[in-house]
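Below: the structure, in structure tokens.
Throughout, read-outs are computed from the coordinates displayed, never taken from laboratory work. As the structure is a prediction and not an experimental result, all values here were calculated from the model. Reconstructed Cβ throughout: ideal geometry from the backbone, glycine too, with neighbour counts over all protein chains shown.
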Amino acid sequence: MRTILRIVMVCLPVVCLLVPAGATLAQEKPAAPAPENPLSTWNKKAYGHVKDILVRSAQKMPEENYSFKPTDTVRSYGQIIGHVADAQYLFCSVALGEKNPGLDIEHTKTSKADLIAALNAGFAYCDKAYDGMTDASAVQTIKLFGNDAPRLSALTVNNMHNLEHYGNLVTYMRLKNIVPPSSEAPPQAQPQPQPKK
């Protein structure tokens, strides 16, 4: 009898501690399932952010500064916008398996309005590539600059190229005392009216 009593005395506190812990663990929500197409979805989200700051950069610079270049050996602000617009067709045509239309926007458009329109059209073309990409199609082999590469790499390189030239635009804006979009203060949240009780 004493042996049973000793076992109960030792085991009872352990059971009292483990049962509530087990019940708590059983009630926790299971981990959220992984999002569908996480690679291509993340790449598309990054593209959306870069697209936004590039369009805002094109809009922020006054038209008289579209011909500005810090030195004679570099592109003007407007030429960079045109180059980025051209690049949307270059990279996204590869991702889509289409022929690059080769519009040469960088050398044929000079006005702010024309360059912004061309940039938006280039992004609209690229939107099809990002919208249609899945993780399954992302790993299909394509030719990128003469080399075999996964299809997603064309869009990843497009994002990298866009960011490279956003960096150029930031420098030009700073030289003209313009705050680049990525450095702007976020909009202040408006207080929401409280429901009446």
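Annotation: amide H of I142 within the under-5 Å range of A149, R151, sequence separation 5 or more or interchain, hydrogens built in the peptide plane.
Q79 sits among other residues whose Cβ lies under 13 Å from its own Cβ, and their net charge, with Lys and Arg +1 and Asp and Glu -1, is -1. The packing ranking, built from the mean of other Cβ atoms within 10 Å per residue, places the peptides 115-127, 32-44 in the order 115-127, 32-44, highest first.
Look at the dipole of the stretch 81-183 built from charges on Cβ: of V170, I105, N159, the Cα furthest out on the positive end belongs to V170. Entry note, the stretch 42-197: relative contact order of 28 percent, from Cα contacts under 8 Å with a spacing of 6+ residues.
Computed from backbone phi with θ = phi - 60° and the Karplus coefficients 6.51, -1.76 and 1.60, the 3J(HN,Hα) list for the stretch 91-108 is 6, 6, 5, 5, 5, 7, x, 10, 7, 5, x, x, 6, 6, 4, 3, 9, 10 Hz; x is used for glycine and proline. Evaluating 6.51 cos²θ - 1.76 cosθ + 1.60 at θ = phi - 60° for every residue in the stretch 149-162, the Karplus couplings come out as 7, x, 3, 4, 4, 4, 6, 5, 5, 4, 4, 5, 5, 4 Hz, glycine and proline recorded as x. Checked against a 25 Å cut-off, the cross-linked pairs K44/K99; K51/K112; K60/K109; K69/K109; K60/K143; K99/K128 give Cα-Cα distances beyond that limit for K60/K143.
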